[in-house]
Amino acid sequence: MLGYRPWIVWLSLSLLPLSSPALAQSQQPPAIPGAQSPLPGPQPTAASLGEQLAHAQLAGRVSGAVIDQSGAVVAGVLVRLSREDQSPDQEALSDDDGQFSFANVAPGPFHLTISSPGFTTQSYSGNLQAGEGVLVPRLTLAVAPAITEVRVMPSRIELAEDQIKTQEKQRVLGVIPNFYVSYEHHALPLAPRQKFELAWKTSVDPVTFGVNGVIAGIQQARNDFSGYGQGSQGYAKRYGASYADFVAGTFIGSAILPSLLKQDPRYFYKGNGSRRSRILYALANSVICKGDDGHWQANYSSILGSFAAGGLSNLYYPAKNRNDAGLTVENALIGMGESAAINLFQEFFIRKLTPNAPNHEPAGHHNQSSPVTTAATPGTPTR
C-alpha cells in the first residue's frame, strides 16, 4: 500500500482549494476598487489557444526583392500575394532596398503579382511548406513599352473633298456634267479652294466646250449679235463670247462670291415630300441658299454673280448690240429664271438620268444642327 501514497498526497493537495473556500479566496490577489478586469470579455479557451498555436507553427514567410533590368533595386513596387482558397489577398510595398516580405502566410500554393507604373507587370508562383519560408528569386521589372494611340480622323476639308469627288462622277446620261447638285443631306460646307476647284473643272470639261460650240452655232444661224458678222471669224467671236459668259458666270457666281459671302453654290436635292412642296423648294432655290453655317439666306452669290457677269459681257459684245444697264438686268433676270428651270429638272428628272448619283437620304432626316450646305445652281448670264 505504500506504493499508492504519492497518489493520495497529490489528490489531497488538488482537492484542498475546493474543500476550503476561504483558503482559495485568500490565494486570489486583492481587488482594487474601480479597476476593471485585466482581461475583459470572454477568455480564450484551451481549444482556441491550441488552434492559434498550431497555426503559428504551420504559418510561414514569403519574401524577396525587386530589381530593374539594370540590376538596381526598385522601391515602392506593389506586391500582391494571392492564394487559391478564399482567403483575402495580402499586399506589400518594396522598401528602399527593394525588399518585400509577407509573414504568417498559410502553407500551400501562392501567387505573387508585381506591378509598378512605367513597368510591365510580373508574376511568380510558388508553394509554401508548413512552418517554412520561401525566398523568391529576384524579380526583374522590365520598362513598359511606350504605347501611343493615334486616331487619325479626316478633317472636314478632307471629307468635303471626298463628297466633291463623288459629285464629279455625276453626269447626266453618263456624259453631261452634273457637278453642282448634292444628293447628300449632310454634305459638309466647301472650303474656298474647293469652290474654285469645282468651278475650274466645270469650265474645262469637254462637254462645256461642246455645248458652247452648239450655242455659238445657233446664234450664228439666227444672226444674233450681228456685229460679229458671219463666216468662221463671226463664229469664233460668238463662241468666245458664249464661253466667256459661261466662265465668268461660273467663277463669279460659284467661286468668288460664295467664298467671300460664305455660301454654297450647289443645289441641294430634296427628293421627298409632296409634288407641290418640291416645286416650291426648287423655285425658291433660285434666290435662296444655305450658307456655310447651314442657315438659309438670300442667294447673293448667284444674284450678284448674274449681274456681274452680265455687266462684264458688255466689254466684249459688239457695240451696236450692247444695251448697257438694260442688257445687264435682262441677263440677270434670265439667269435667275434659268436657275429655277434647272432646279425643277434637277428635282424631278435629272437624278433618274444620272447613273452615278449616290443613294439619297430623305430630307426629313436632316438634322438642323449638322453642317449642311446647299444652294441654287450657278446663274449663267444668257444672251
In region 335-376, which residues are surrounded by 16 or more Cβ atoms within 10 Å (Cβ to Cβ) and modelled with pLDDT of 75 or more?
Met336, Glu338, Ser339, Ala340, Ile342, Asn343, Leu344, Gln346, Glu347, Ile350, Arg351, Thr354
Going through region 125-139 one residue at a time, which ones are under 11 Å from Gly64 (Cα atoms) and not in a loop (DSSP other than H, G, I, E, B)?
Gly133, Val134, Leu135, Leu139
For Gly294, which of the numbered conditions (1) touching a helix residue (DSSP H, G or I) at 6+ places or on another chain (Cβ under 8 Å); (2) on the phi > 0 side of the Ramachandran plot fails to hold?
(1)
Out of (1) touching a helix residue (DSSP H, G or I) at 6+ places or on another chain (Cβ under 6 Å); (2) loosely packed, with under 14 Cβ neighbours inside 10 Å; (3) modelled with pLDDT of 80 or more, the one Lys320 does not meet is (3)
Got at least one residue in region 130-140 being loosely packed, with under 12 Cβ neighbours inside 10 Å, at pLDDT 85 or above, under 30 Å from Phe268 (Cα atoms) and out of contact with any helix residue (DSSP H, G or I) (no Cβ under 6 Å at 6 or more places or on another chain)?
no
Hey, can you tell me all the residues within region 209-229 that are surrounded by 13 or more Cβ atoms within 10 Å (Cβ to Cβ) and among the β-branched types (Val, Ile, Thr)?
Val211, Ile215
Restricting region 297-314 to residues that are outside any helix (DSSP H, G or I) and modelled with pLDDT of 80 or more, the one nearest to Gly249 (Cα to Cα) turns out to be Asn299
Of the numbered conditions (1) within 26 Å of Glu347 (Cβ to Cβ); (2) of a type in the set (Ser, Thr, Tyr); (3) surrounded by fewer than 20 Cβ atoms within 10 Å (Cβ to Cβ), Ser232 fails exactly one; give the number of that condition.
(1)
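Which of the residues belonging to region 173-191 are without any contact (Cβ under 8 Å) to a residue 60 or more places away in the chain and either touching a Phe, Trp or Tyr at 6+ places or on another chain (Cβ under 8 Å) or buried (at least 16 other Cβ atoms within 10 Å of the Cβ) (or both)? It would help to see each step written out before you state the result.
First, the residues of region 173-191 that are without any contact (Cβ under 8 Å) to a residue 60 or more places away in the chain: 175-177, 179, 191.
If the condition is that a residue be without any contact (Cβ under 8 Å) to a residue 60 or more places away in the chain and either touching a Phe, Trp or Tyr at 6+ places or on another chain (Cβ under 8 Å) or buried (at least 16 other Cβ atoms within 10 Å of the Cβ) (or both), then Ile176, Pro177, Phe179, Ala191 are the ones that fit.
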Scope region 65-106; condition crowded, with 16+ Cβ neighbours inside 10 Å and assigned to a loop (DSSP other than H, G, I, E, B); matching residues:
Val74, Val77, Ser94, Gly98
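Among the residues of region 94-121, write down those that are without any contact (Cβ under 8 Å) to a residue 24 or more places away in the chain and farther than 23 Å from Pro145 by Cβ.
Asp95, Asp96
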Out of curiosity, is Val181 closer than 19 Å to Arg171 by Cα and either acidic (Asp, Glu) or at pLDDT below 90 (or both)?
yes
If only one of Ser115, Ser101, Ser87 is at pLDDT below 90, hydroxyl-bearing (Ser, Thr, Tyr) and either closer than 30 Å to Ala59 by Cβ or in contact with a helix residue (DSSP H, G or I) (Cβ under 9 Å, 6 or more places away or on another chain) (or both), which one is it?
Ser87
Which ones in region 271-296 are outside any helix (DSSP H, G or I), surrounded by fewer than 24 Cβ atoms within 10 Å (Cβ to Cβ) and not β-branched (Val, Ile, Thr)?
Gly271, Asn272, Gly273, Ser274, Lys290, Gly291, Asp292, Asp293, Gly294, His295, Trp296
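The values are calculated or read from the model by the stated rules, or taken from the named source; none is laboratory data. Being a predicted model, the structure only gives us computed values, none of them experimental. Ideal geometry is used to build each Cβ from the backbone, glycine not excepted, and the neighbour counts take in all protein chains shown.
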